[in-house]
Amino acid sequence: MTGRRILPPAGRSGGLPSVSPAVALRLRGRRQYLILRGQRRRLRDLTPLADRTGTIARGAILLFATLRNEENRLPWFLEHYRRLGVAHFLIVANNCTDGSEALLKDQPDVSLWRTTASYKASRFGMDWMNGLLARYGHGHWCLTVDADELLIYPHWESRPLPALTDWLDDHAIPALGTMMLDLYPRGPLGAEPSAPGQDPLETIPWFDSGNYTRQRQKNLGNLWIQGGPRARAFFSTDPRRAPTLGKVPLVRWHWRYAYVSSTHTLLPRRLNDRAETEGGEDLCGLLLHTKFLSTIVEKSREEATRGEHFENSSLYNEYYAALSAAPQLWTEQSKRYQGWRGLEALGLMSRGGWL
């Protein structure tokens, strides 16, 4: 933590549905529980392999991630976020068996922890993230993402993250909401290999542009977004089971904050008011989701056996079986990524007042 006392920014909460005093009290208790749980898990589960947190400068933008066997993705992941302006990476390597740990240990701007604990038992890594965020993220703008998520936002090629976070600070906006945009290839999954360090958009540049549904959740106030290729290809008979796509990955962190479910929801609930992705007034970005690189087929077969990625893994047996069969997600309605302006024109992100 920084030496000075930093109060959580007020932000605005006019878009959130109201909740009863009893619900508000229950959410407060939930937040306190998650903070304490994260601290315990950080101390119990994580072993430092390269602790360079002493080099973190005041005001530095930090990135937090949990990963497993992402040696192929990591070079581009690090390059992308360094180019955006991330100053330090705080990464948990969970049961890695490839070269991910060795690669990360050699990076001067990476602090690395190892754990052999269960990913599922840690609430899919969020206990570790909450613990590290509380310890090192207080007072910093913090980006919490998966290794297959690349943040973009309006003007991202010419305006780095410090410019964005300065603007958010000036407007008392404590967080940036996004939608995950699933990218996929034109041919069958796994058919076109990607090299380490290669831009994923060279092999998986296609996405769904219009089959999304959005609704505001009452208690936490987050936007529940579903749709895209996973919904239509794997959950068409029961769309309610499809993955939710709304996230709030960029937050000016305070030790009294906590992620509830991945980065889909936070407490206190007012932070979720930033998750507007309907092309309205609020500035919002996108997480380019590179899940469907060529490694997806092999990874799906492995994860189906491990059962570490879903609360009720039996519900996803058909999903993993379908991915393992290397389906083709591309259709005549698929759109090719042509830059953020094209995504804004489709209503998938908004500049808001950041012109």
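The values are calculated or read from the model by the stated rules, or taken from the named source; none is laboratory data. Because the structure is predicted, anything quoted here is derived from the model rather than measured. Positions of Cβ are backbone-derived with ideal geometry, glycine not excepted, and every protein chain shown enters the neighbour counts. We work out accessible area using only protein heavy atoms, side chains counted, and drop any ligands, DNA or RNA first. Shrake-Rupley method; radii C 1.70, N 1.55, O 1.52, S 1.80 Å.
If packing is taken as the average number of other Cβ atoms within 10 Å across a peptide's residues, how do 244-257, 168-181 rank, most packed first?
On the way: 244-257: 23.3, 168-181: 20.6.
Highest mean packing first, the order is 244-257, 168-181.
Is it possible to state the helix-based mean residue ellipticity at 222 nm for the chain, with each DSSP H run of 4+ residues giving -39500 (n - 2.57), the sum divided by total residues, to the nearest 500 deg cm²/dmol? What is it?
On the way: 9 runs with 91 residues, N = 355.
One gets -7500 deg cm²/dmol as the mean residue ellipticity at 222 nm.
If packing is taken as the average number of other Cβ atoms within 10 Å across a peptide's residues, how do 81-92, 119-130 rank, most packed first?
Values: 81-92: 20.4, 119-130: 21.9.
Highest mean packing first, the order is 119-130, 81-92.
With the whole protein complex present, GLU157 retains an accessible surface near 120 Å², based on a 1.4 Å probe. Averaging 1/r over each pair of different alpha-carbon atoms in segment 42-141 and inverting the result gives 13.6 Å, the Kirkwood hydrodynamic radius. For segment 109-262, the extents of the C-alpha atoms along the principal axes are 45, 40, 39 Å, listed from largest to smallest. Computed over segment 175-298, the percent of Cα pairs more than 24 Å apart is 35.
Quick one: Debye curve from the alpha-carbon atoms of the chain only, equal weights, vacuum; give me log10 I(q)/I(0) at q = 0.10, 0.11, 0.15 Å⁻¹ to two decimals. Each listed q corresponds, in turn, to -0.58, -0.72, -1.49.
Normalised by the residues of segment 52-205, what does the relative contact order come to in percent, with Cα pairs under 8 Å and at least six apart? Reported relative contact order: 31 percent. Taking a straight line from the alpha carbon of LYS247, these aspartates and glutamates sit under 12 Å away, with near neighbours fewer than eight places off in the same chain left out: ASP146, GLU149, ASP273, GLU276.
Packing around the peptides 287-296, 344-353, taken as the average count of other Cβ atoms within 10 Å per residue, puts them in this order, highest first: 287-296, 344-353. Between ASN95 and ALA163, the simple label model (points 7 Å from Cα in the Cβ direction) yields a spacing of 4.3 nm.
Averaging sequence separations of C-alpha pairs under 8 Å and six or more residues apart, then dividing by the length of the chain, give the relative contact order as a whole percent. Could you put the intermediate results ahead of the total?
Numbers: 731 pairs, mean separation 81.9, N = 355.
Here the relative contact order equals 23 percent.
Under the 0.36 nm per residue contour assumption, what length would be gained going from the current alpha-carbon distance of ALA326 and SER20 to full extension? Kindly include the intermediate steps, with their values, before the conclusion.
Working: separation 306, 0.36 × 306 = 110.16 nm, distance 4.74 nm.
That works out to 105.4 nm of additional length.
For the pair LEU355 and ALA195, label points projected 7 Å from Cα toward Cβ lie 4.4 nm apart.
Based on alpha-carbon atoms, the Kirkwood radius and the radius of gyration of segment 86-170 give Rg/Rh equal to 1.00.
Restricting attention to the chain, close to 55% of DSSP beta bridges with both partner residues there are antiparallel.
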